[in-house]
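Below you'll find the structure, written out as structure tokens, and then a few comments.
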Amino acid sequence: MHIAVCVKQVPDTANVRIDPETNTLMREGVESIINPYDEYALEQALRLRDSCGARVTALTMGPPQAAVILREAMARGADGAVLLSDRAFAGADTWATSYVIAQAIKKLKPKVDLVLFGKQAIDGDTAQVGPGVSEFLKYPLLTYARDLQVAADGRYTAETLMDDGVEVIEGELPAVITVVKESAAPRFAPLAGWMATRGGEIPSWGVKQLKAVPDLCGLQGSPTRVVKIFAPPVKSGGTRMDGRVQPAAAVEAIVTLLSRKGVVS
Amino acid sequence: MSDAPVSINPDLCRGCKKCVSACPFGVLYMDGKLVMLKADECRGCLACIQSCPFQAITAVSSDEIDHERLREFSGVWVFAEQQRGKVREVAYELLATGRRLADERGCELAAVVLGHEIGHTAAHLIAAGADKVILADDPKLAEYEANVYTDALHQLIAGHKPEVVLAGATAIGRAFFAKVAVRCYAGLTADCTALSIDSETTLLHQTRPAFGGNIMATIMTPNHRPQMATVRPHVFKMNPPDPGRVGETLLEALDLAPAVTRITRTIPSASSINIAEAEIVVAGGRGLKKAENLECLRRLADRLGGVVGVSRACVDAGWISAAHQVGQTGKTVSPKVYLAFGISGAIQHLEGMRGAETIIAVNNDPTAPIFDVADLGIVGDLMDILPALADAVDARARN
């Protein structure tokens, strides 16, 4: 079994702000991390590898420095990694990103049976690239999954987290599956793992290697356009009270507000 | 029906099949030694043109034709998600917004229902503002399955060509809409908090938060159709139903492949609640100090007809199941009122609840970030406030 795990380098979202003067992103000095949900996808892949044998390849699309998270994936145990990097990929929305990642998965040898994603990335929060890749690959899609088990014949079971409960799902590979947090806790990369990945070259594929159509990549291939970005409206006019001295007054203030909102009579 | 966006010159085609593998949509196929095009399904991405070594494929394109192609798309659609025959509330909220958009565009508003034995939903959807209800009633659609739903909605879109298609940003809507958008080569914007028609371009302006809510972005889809968007529950208000409204119901028979995944078992949430759709969330965090104090939260939540939410700390401590967790690794809620007791308001938590209409926070730390988003912030010991508040609400209810 060959498992591709798609990971994304994201800014630590807690620290991203808008420059109030220019209305542009201030990303300088913001630390980059591996998208937390993708860590669960990687862990899921490594567990399947440990239990039933598989080759695990980590993929990311991004600038050359995104290779850092591929090294980390390999240090944790991935067997190989590929960076998808090309100036032509810049400005891609989820459509164009899905196209490039699917092209790369089609190129991997042996044929990929299972593609794992985290349920969404914490910078864009769209949850659209996993489903998009499933569409380009024509692999069936399963979302919000955990506790994935794969049998020798390629049949799998998983639990999926729906809005009103959990569904136990049976399916058959190939598949694209996005995973949620409740899958196993991600392992740490042992020092020996880091040592082993040191020096090894991570291949970088661009438009040419992927035989991708330039017009479908990056901003050019993206149906959506960002018209503007701006800082979210600040909540103003909030009332502050000190409830330490007179808790009863605080309680009264809450009840008054609840009543104004029609929550209590 | 316009002509296909590309034309193939049979005199130049050598049958090398390069274009067949380049086409991301699989609409080119070999007929003997010649390449053929399923004209109706071509999205005009022009990938084949770039792949052809013999210049056998050319674009049938001009600004006029491209413009004409976009103009074929008309109408606003709302995907009316239903489960076991019951349409989810978010669909009615979207119909209210869809009504406004359709009126601005001067076009029709349609609700689309996928499922089995769903005819009874039509009257409700028309009362909520739909001019037309499109019912795809098929046993294969009885349960949600992403791949079958994708086939179904794609077939409907290809047949009717709506200009705008909206869905609730639910576990179902978010997943299969992304597949449909790729198949249609459409633009899709997730989790919109505002939708409007730009008066100059007549395009749908879609505004959404990104980077954990630290940034808002307005997005549009200039040259692809439909323009697709998802919206979280409770972001928009529904209109009161108007039973006097009349509308048309259209039954669509689709040609669907069987499901490739199968549900073997369903485990409803232990608490049988879905905090993502709750109107009132009474939430607690680390400041509760012990599991027993959750009882006070439950009591207040019961009195208010709300549900209990918690920050990650409570789940990690094993006090309550993850189904109640609000935040980046839990659920996103957008209730009418969010009460936060002993929650400091880490960014990961704020991301999950900043969409609430009114936020009331009680915390003993005057510098807690939760106060920055609160409409009413009370510095104090939550155990001084919480039980007394439940009593006060009780007293109100009795009067």
Checklist entry - Somewhere in segment B:344-358, is a residue surrounded by fewer than 23 Cβ atoms within 10 Å (Cβ to Cβ), among the polar types (S, T, N, Q) and at pLDDT 90 or above? => result yes
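For segment B:25-40, enumerate the residues that are surrounded by 15 or more Cβ atoms within 10 Å (Cβ to Cβ) and either in contact with a helix residue (DSSP H, G or I) (Cβ under 6 Å, 6 or more places away or on another chain) or away from chain A (no Cβ under 13 Å) (or both). If you could, list the steps in order and put the result at the bottom.
Keep residues of segment B:25-40 that are surrounded by 15 or more Cβ atoms within 10 Å (Cβ to Cβ), which gives B:25, B:27-28, B:35-37.
Within segment B:25-40, B:27, B:28, B:35, B:36, B:37 meet the criteria.
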* To do: Could you tell me whether residue B:287 is in contact with a Lys or Arg (Cβ under 7 Å, 6 or more places away or on another chain) and not hydrophobic (A, V, I, L, M, F, W, C)?
  => no
Of the listed residues (B:152, B:122, B:102), the one being in contact with a Ser or Thr (Cβ under 6 Å, 6 or more places away or on another chain) and at pLDDT 95 or above is B:122
For segment B:374-399, pairs from a residue that is closer than 29 Å to residue B:351 by Cα and touching a residue at least 60 places away in the same chain (Cβ under 8 Å) to a residue that is surrounded by fewer than 20 Cβ atoms within 10 Å (Cβ to Cβ) and of a type in the set (A, V, I, L, M), with Cβ under 8 Å and 6 or more apart or across chains, are B:389/A:255; B:393/A:255
Going through segment A:128-185 in order, the residues found to be among the hydrophobic types (A, V, I, L, M, F, W, C), in contact with a Gly (Cβ under 8 Å, 6 or more places away or on another chain) and facing another protein chain (nearest Cβ under 7 Å) are A:141, A:142
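This table checks each residue for (1) away from chain A (no Cβ under 11 Å); (2) touching a residue at least 24 places away in the same chain (Cβ under 8 Å); (3) among the acidic types (Asp, Glu); (4) not in a strand (DSSP E or B).
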site	(1), (2), (3), (4)
B:190	no, yes, no, no
B:212	no, yes, no, yes
B:239	yes, yes, no, yes
B:243	yes, yes, no, yes
B:259	no, yes, no, yes
B:266	no, no, no, no
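Sort through B:234, B:224 and tell me the only one that's in contact (Cβ under 8 Å) with a residue 24 or more places away in the chain, over 25 Å from residue B:133 (Cβ atoms) and outside any helix (DSSP H, G or I). So that I can check it myself, show each step before the final result.
Working: B:234 fails: over 25 Å from residue B:133 (Cβ atoms).
None of the others qualify; the one that does is B:224.
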Within segment B:168-188, the residues that are at the interface with chain A (Cβ under 8 Å from one of its Cβ atoms), among the β-branched types (Val, Ile, Thr) and assigned to a helix (DSSP H, G or I) are B:172, B:182
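Within segment A:239-252, identify whether any single residue is in contact with a Pro (Cβ under 9 Å, 6 or more places away or on another chain), farther than 30 Å from residue A:81 by Cβ and not assigned by TED's automatic domain parsing to the domain that holds residue A:133, and answer yes or no. Can you show your working first?
Of the residues in segment A:239-252, the ones in contact with a Pro (Cβ under 9 Å, 6 or more places away or on another chain) are A:240, A:242.
Filter again for farther than 30 Å from residue A:81 by Cβ, leaving A:240, A:242.
Next cut, not assigned by TED's automatic domain parsing to the domain that holds residue A:133 only: A:240, A:242.
Scanning segment A:239-252 turns up at least one residue that is in contact with a Pro (Cβ under 9 Å, 6 or more places away or on another chain), farther than 30 Å from residue A:81 by Cβ and not assigned by TED's automatic domain parsing to the domain that holds residue A:133.
Only helices (runs of 4 or more DSSP H) wholly contained in segment B:45-142 count here; list those with 1 or more residues that are surrounded by 15 or more Cβ atoms within 10 Å (Cβ to Cβ), within 14 Å of chain A (Cβ to nearest Cβ) and of a type outside the set (A, V, I, L, M, F, W, C). It would help to see each step written out before you state the result.
Values: elements: B:47-51, B:63-71, B:89-105, B:121-127.
Fully inside segment B:45-142 and qualifying: B:47-51, B:63-71, B:89-105.
Going through segment B:363-399 one residue at a time, which ones are under 20 Å from residue B:286 (Cβ atoms), among the β-branched types (Val, Ile, Thr) and facing chain A (nearest Cβ under 7 Å)? Explain how you work it out, then say what you get.
Applying the first criterion (under 20 Å from residue B:286 (Cβ atoms)) to segment B:363-399 yields B:363-374, B:377-387, B:389.
Okay, now just the ones that are also among the β-branched types (Val, Ile, Thr), so B:367, B:370, B:373, B:378-379, B:385.
Those that are under 20 Å from residue B:286 (Cβ atoms), among the β-branched types (Val, Ile, Thr) and facing chain A (nearest Cβ under 7 Å): B:373, B:378, B:379, B:385.
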Checked segment B:32-46 for anything out of contact with any strand residue (DSSP E or B) (no Cβ under 7 Å at 6 or more places or on another chain) and farther than 22 Å from residue B:161 by Cβ; matches are B:32, B:33, B:34
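Here are B:85, B:44, B:26, B:15: which of them is in the same structural domain as residue B:193 (by TED's automatic domain parsing) and at positive phi?
B:85
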Answer yes if at least one residue in segment B:232-239 is under 16 Å from the mean Cα position of the chain (by Cα), among the charged types (D, E, K, R) and either within 23 Å of residue B:333 (Cβ to Cβ) or in the same structural domain as residue B:165 (by TED's automatic domain parsing) (or both), and no otherwise.
yes
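The values are calculated or read from the model by the stated rules, or taken from the named source; none is laboratory data. Because the structure is a prediction, the values reported are computed rather than measured. Cβ atoms come from the backbone with ideal geometry, glycine included; neighbour counts cover every protein chain shown.
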